[in-house]
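The values are calculated or read from the model by the stated rules, or taken from the named source; none is laboratory data. This one's a predicted model, so the numbers in the text were calculated from it and none came from an experiment. Virtual Cβ from ideal backbone geometry, glycine too; neighbours counted across all protein chains shown.
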Amino acid sequence: MKIQEVNSLDEFMKLGGRDWHPIHKWVYRGVPDADFGLRPAIGRNPIMREGKVDTWRIMDNEEHLLNEFKRHAPVYTEKSPVGDLDWLCLARHYGLATRLLDWTSNPLVALFFAANPEQPTNFAVYRYWFNSWLGDRHTMDMKTIQRQKESLIFYPRLTTERFVRQSSAFLLCHEPWRDFDFEDAPENLTKIVFPAETRNQVRYQLRIFGVTPSFVRPDLDGLCEELNDRILHPKKFWIPLPPLEGPNPLLEAMERAKKENGIKAARRTTRGRKRRTNE
């Protein structure tokens with residue numbers, strides 16, 4: 001795996017260069033801490049037995065989690081998934097521990113997820129070029145999913161607006177208790193690291209480009225996060241602005257207005273004093 005360091009959004013965009021071409025099969029994943037690896041949630045706390053990873057228990061828990069999600073979720077969803085892989089996509093998108101890793105075909109969305117959390121750490125975007133993918137197999141059952149021999153990228157059915165806004169893709173990890181970034185694809189994978197002190201600058205610029213919480217999560221969760229940030233936590237996006245060069249008509253007009261208002265206030269005070277003296 002390659003590691004590259006950048007110091008700004010501008011450097012990040014230039015780093016892509018011709019790779020932003022739509023026919024290139026690039027996907028991106030943002031992490032708020034550059035030390036985070038690429039291990040899906042179901043395998044981040046491996047169950048050990050006699051000093052080895054108990055893979056059977058992990059897969060049993062995975063199947064149980066999905067079955068419980070399928071039992072409870074229908075009351076909250078308008079569109080029913082068509083198979084277990086489809087169910088896994090929906091479950092992962094809302095936080096269930098699965099063997100899926102969230103990716104996106106939009107590098108700015110990945111950068112949003114990397115920079116947005118309030119953490120004092122370097123943050124990073126993984127960039128992965130894939131030459132094979134799962135295809136349209138959303139009806140796969142869990143047993144077939146667990147028998148996969150390699151990790152593959154696939155695109156979910158667009159059953160929620162979040163999938164659309166986030167240009168969602170997923171990595172189906174065939175051994176979710178291992179780190180994908182070190183084991184499976186070191187040549188096609190790059191980690192682009194930002195220093196912690198650039199976090200506010202990047203967040204500020206992303207919002208100028210419209211990559212906001214309410215865009216990425218087009219629901220009440222995203223709206224409330226955006227309002228809280230804007231009204232309660234403005235320092236989250238504060239950056240030192242350089243002084244403007246040359247004459248600025250707006251600033252000059254504001255200064256003139258201040259002076260005129262000051263003169264008018266002084267005149268009113270003088271007239272008031274005269275009135276009180278005459279009385």
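Scanning the stretch 40-86 for residues that are free of Cβ contacts under 8 Å to residues at least 12 places away in the same chain, within 27 Å of Gly135 (Cβ to Cβ) and touching a strand residue (DSSP E or B) at 6+ places or on another chain (Cβ under 7 Å) turns up nothing.
Within the stretch 196-208, not a single residue is at pLDDT 70 or above, farther than 25 Å from Glu11 by Cα and either assigned by TED's automatic domain parsing to the domain that holds His174 or loosely packed, with under 10 Cβ neighbours inside 10 Å (or both).
Condition check ((1) surrounded by fewer than 16 Cβ atoms within 10 Å (Cβ to Cβ); (2) within 23 Å of the chain's Cα centre (by Cα); (3) at pLDDT 90 or above; (4) assigned to a helix (DSSP H, G or I)) across all residues:
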| residue | (1), (2), (3), (4) |
| --- | --- |
| Asp10 | yes, yes, yes, yes |
| Pro22 | yes, yes, no, no |
| Val27 | no, yes, yes, no |
| Arg39 | no, yes, yes, no |
| Val109 | no, yes, yes, yes |
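Looking for something touching a His at 6+ places or on another chain (Cβ under 9 Å), in the same structural domain as Thr190 (by TED's automatic domain parsing), modelled with pLDDT under 95 and assigned to a strand (DSSP E or B) - is there at least one such residue anywhere in the stretch 143-162? Yes, because at least one residue in the stretch 143-162 is touching a His at 6+ places or on another chain (Cβ under 9 Å), in the same structural domain as Thr190 (by TED's automatic domain parsing), modelled with pLDDT under 95 and assigned to a strand (DSSP E or B). Scanning the stretch 45-85 for residues that are loosely packed, with under 14 Cβ neighbours inside 10 Å and in a strand (DSSP E or B), we see that the one that is nearest to the chain's Cα centre (by Cα) is Met48.
Can you name every residue in the stretch 215-230 that is part of a helix (DSSP H, G or I) and within 20 Å of Arg199 (Cβ to Cβ)? Within the stretch 215-230, Phe215, Val216, Gly222, Glu225, Glu226, Asn228, Asp229, Arg230 meet the criteria.
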